[in-house]
Amino acid sequence: MRYHLFKSLIITTCMITLCCFGYVLIVRLSAVFFPGGGLGVMIRDAQQQIVGYVQIGQPFTSDRYFWGRPSAIDYDASQSGGSNLAPSNPLLIQQVQERIKYFETRNPGIAVSRIPVDLVTTSGSGLDPDISPEAAFIQVKRVAQARQLPEQVVDSLVRAYIQPPLLHLLGPAYVNVLQLNLALDKLSSSL
Amino acid sequence: MGSILFSHLAGIVVTYLLTVFIGIVLGRYMYKVYSGDPTWSDTLFVPIEKLIFRVCRIHAKEEFDWKDNMKMMLSINLIWFIISMLLLTNMKWLPLNPNHISSMSPDLAFNTTISFLVNCDLQTYIPETQISYLGQIWLMFLQFVSAATGMAACILIFRAFREKSLSRIGNFEVYFVKSITRILLPLSLLLSIIFIWRGMPMNFAANQHIITLEHHKQTIAEGPVAAFVPIKHLGTNGGGFFNANSAHPFENPDYLTNMLEMIAQAVIPIGLIFTFGYFIRNRKLAWIIFCVMTMGFLLLVIPNVWMEIQGNPAIRALGIDNRLGNMEGKEVRLGTAASGYWSVITTVISTGSTNAMLGSYMPLSAMNMLLGMMVNAFYGGVGAGFINFFIYLILAVFIAGMMVGRTPEFMGKKIEAREMKIAALLVLLHPFLILIATAWAIYVYLHHPVYHAWIMNPGPHGFTAMLYEYTSAAANNGSAFAELSANNPWWNISTGIVLLLGRYPSIIGGVAIAGLLGRKQYVPQSAGTLRVDTYTFGVVLFAVIVIIAALSFFPALSLGPIAEYFLIH
């Protein structure tokens, strides 16, 4: 047994060298050649301040911006997670009802049957950066009014920011909320 | 609606077809690697391997019997256990800790160590706040070696049936090293590059603090994610770099990475089936095994995808646009169909990673995930899954042999009392661990009000969460209902023990059966032999799995997910 343990120790040392040093180093070095350099894809404003990460959702509450999905952790990206509410939990249904009511008051004139389910349920990570195209379209009216822009202009901006499914064939289409809102700010300031 | 559904379903169908294709190709490659035939990777890796073999004093040609091989496996696992306990309880002052994370408590370190050592990766800690980057890199290392341990043990079984009669069934050390250098490392490197290209972070920096567009403060956790995630899936480990696992946008940036992560976790288990076919020179048997496993997989995955797309009836009743399905706890860029698929591939294979919150899945989806882990052999984890299947195979041969009145034989070896005792004990151990541990936990929960904080959701779902935790531990899966507050001594220690008993007995038992059968005299096939490479036998095999594995859990399932189903319908 002592022989086995001794041998195990040497093999372990070898494998640590290979996997923890060799492999990690190669991956870290190759990250330098990609956008973001291994730091995640950041968006900076004119003053070179980071305003966000493309992949990490942000909380939006004002009428002037498109809203993302509800988050169980309030978009605190130092952690992550969902509500973990079971489909049978009355609290879940109560929360969804409250969100529907809130959405109706802030978006008058939108029929309840048009509110897509992703806008009233929390995401898995709590940091979901995207919403469905339908969820963007029903907010067009509110955003256009708040910014005093014609609805068609905002509508066509949303259309331009719909990410099609992979190869236009696989998976869902979605809209990145942060990118859309940044484009919206740019549009407003250029007018 | 039609087109939404089409692209979602097309995504998972393409994923599955690619998985099977790559699995078949990889199966042949793995056969060549383990049997020492020349492959394309020789020029690059033979020098590295020779160096490792020389330093470690491994003689590539030397072979041992099953007992020596298992001694080696246990001792190397013991070394990892000791290093891991020391490292995790001392993270605070060790390097690579820019976020000043404190060391783990002994019970948490015990649970985490065991859980990564046995290829389970049940996580009761919160990665963002309770583990340093050094700890993450160490866990990544354990993900490599625990996968390689399973693969090496599995190859020992394959080897035992290759020759007519032998007592030395191969060299664990050689298979172990080759699993890492030839299969896990090259594939991980390839995947990590693609992941970085899609936007996965790879750094050792402290958390970023930013001001968002609406002037909120936001703190963003990062780290060496792109090195961690490939092996997490290739090795069917499943431990998340972040708390939300692969639902986190950094751990799964888009649909392409989602497809790759789903493919990566299934290719080695599927490949090993075909490797087995090459080893025993009977590819038809490999295809039959593949068909039986696929049958089980499809029976679980199709309902799950359908139920998640249908969504929650209670939310549909509120009158909103429910076309996207059960989006609670899911991500928009991945969608409900891909999350439904993931929930089953991750539980039939012992990965246990998730791309959505499992506690918010529909009740019967949760039941199918539980069933995947209760059987634990439809594809199964790397190596260990095939070993479980091998036990079912032995049982099915025995039962079928008894039914038709023929001597039970497998690959020309008589199956006798000793092998059957081991197989029967192993098959009973799995439900025993799960049901006894759950019953005990429920008892404690009911009799001590202080423990009521364990569960969050009322009714049958709370029961399901506890049943799920132990099923996941016994199956070395590692997925969990995050609602269960499991970071406390009760859960850390009890699941730790279940994890140990779920891993080593089945590996040692499987290799022991193979070792015992391997050295028996070969009996040539005759008219009296029960042929295993027929589809009739495949049906018997499937029936044995369903009767033995699934039915023993039926009462528990009806108390949990089935009861919850009737609550909301």
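Could we say that A:Val112 is in contact with a Leu (Cβ under 9 Å, 6 or more places away or on another chain), more than 26 Å from A:Asp74 (Cβ to Cβ) and open to solvent by 20 Å² or more (accessible area, probe 1.4 Å) here? The answer is no for A:Val112. Of the helices (runs of 4 or more DSSP H) lying entirely inside segment B:276-362, those carrying at least 3 residues that are open to solvent by 10 Å² or more (accessible area, probe 1.4 Å) and on the phi < 0 side of the Ramachandran plot are B:283-310, B:313-316. Screening segment A:80-95 for residues that are within 7 Å of chain B (Cβ to nearest Cβ) and not in a loop (DSSP other than H, G, I, E, B) and picking the one that is surrounded by the fewest Cβ atoms within 10 Å (Cβ to Cβ) gives A:Ile93.
Return the residues of segment A:1-50 that are of a type in the set (Val, Ile, Thr), within 30 Å of B:Lys217 (Cα to Cα) and within 8 Å of chain B (Cβ to nearest Cβ); say none if nothing qualifies. Selection gives A:Val41, A:Ile50. Here is the figure for segment A:115-135: residues that are facing chain B (nearest Cβ under 7 Å) and either surrounded by fewer than 20 Cβ atoms within 10 Å (Cβ to Cβ) or assigned to a helix (DSSP H, G or I) (or both) total 3.
Residues in segment B:203-215: is at least one at pLDDT 90 or above, under 29 Å from A:Pro59 (Cβ atoms), crowded, with 24+ Cβ neighbours inside 10 Å and at the interface with another protein chain (Cβ under 9 Å from one of its Cβ atoms)? Within segment B:203-215, none of the residues are at pLDDT 90 or above, under 29 Å from A:Pro59 (Cβ atoms), crowded, with 24+ Cβ neighbours inside 10 Å and at the interface with another protein chain (Cβ under 9 Å from one of its Cβ atoms). Restricting segment B:175-202 to residues that are open to solvent by less than 10 Å² (accessible area, probe 1.4 Å) and aliphatic (A, V, I, L, M) leaves a set whose member that is farthest from the other protein chains (Cβ to nearest Cβ) is B:Ile183. Cβ separations smaller than 7 Å between residues 6+ apart or across chains give the following pairs from segment B:463-487 residues that are at positive phi to residues that are open to solvent by less than 10 Å² (accessible area, probe 1.4 Å) and of a type in the set (Val, Ile, Thr): B:Asn476/B:Val118. The residue that is nearest to the other protein chains (Cβ to nearest Cβ), among those in segment B:311-338 that are in contact with an Asp or Glu (Cβ under 6 Å, 6 or more places away or on another chain) and among the polar types (S, T, N, Q), is B:Asn326.
Tell me, please, whether a residue that is over 30 Å from A:Tyr3 (Cβ atoms) and modelled with pLDDT of 90 or more can be found in segment B:31-49. Looking through segment B:31-49, at least one residue is over 30 Å from A:Tyr3 (Cβ atoms) and modelled with pLDDT of 90 or more.
Considering segment B:118-158, and only residues there that are under 25 Å from B:Ala465 (Cβ atoms) and open to solvent by 10 Å² or more (accessible area, probe 1.4 Å), the residue that is nearest to the other protein chains (Cβ to nearest Cβ) turns out to be B:Glu128. Look at (1) open to solvent by 60 Å² or more (accessible area, probe 1.4 Å); (2) part of a helix (DSSP H, G or I); (3) farther than 30 Å from B:Ser472 by Cβ and you find that B:Arg406 fails only one, number (2).
Residues that are of a type in the set (Gly, Ala, Ser) and modelled with pLDDT of 90 or more number at least 3 in the following helices (runs of 4 or more DSSP H) confined to segment B:94-178: B:133-160. Applying a threshold of 7 Å to beta carbon distances and a minimum spacing of six or more residues, or different chains, the list of pairs starting in segment A:147-161 at a residue that is basic (Lys, Arg) and ending at one that is assigned to a helix (DSSP H, G or I) reads A:Arg147/A:Ser188.
Name the residue that is nearest to the other protein chains (Cβ to nearest Cβ), counting only residues in segment B:31-46 that are out of contact with any helix residue (DSSP H, G or I) (no Cβ under 6 Å at 6 or more places or on another chain) and assigned to a helix (DSSP H, G or I). This residue is B:Leu44.
Considering the conditions (1) touching a residue at least 24 places away in the same chain (Cβ under 8 Å); (2) open to solvent by less than 80 Å² (accessible area, probe 1.4 Å); (3) more than 12 Å from chain A (Cβ to nearest Cβ), B:Arg28 is excluded by exactly one of them, (2). Mind listing just one residue for me: the one in segment A:51-67 that is more than 9 Å from chain B (Cβ to nearest Cβ) and open to solvent by less than 50 Å² (accessible area, probe 1.4 Å) and, of those, nearest to A:Ser125 (Cα to Cα)? Restricting to residues being more than 9 Å from chain B (Cβ to nearest Cβ) and open to solvent by less than 50 Å² (accessible area, probe 1.4 Å), the top hit is A:Trp67. Within segment B:228-252, restricting attention to residues that are without any contact (Cβ under 8 Å) to a residue 60 or more places away in the chain and facing chain A (nearest Cβ under 7 Å), the residue that is surrounded by the fewest Cβ atoms within 10 Å (Cβ to Cβ) is B:Phe250.
The values are calculated or read from the model by the stated rules, or taken from the named source; none is laboratory data. Source: prediction; values computed, not measured. Using ideal geometry, Cβ is built from the backbone for each residue, glycine included, and neighbour counts are taken over all protein chains shown. Ligands, DNA and RNA are stripped out before the accessible areas are found, and what is left, the full protein with its side chains, is counted by its heavy atoms. Shrake-Rupley method; radii C 1.70, N 1.55, O 1.52, S 1.80 Å.
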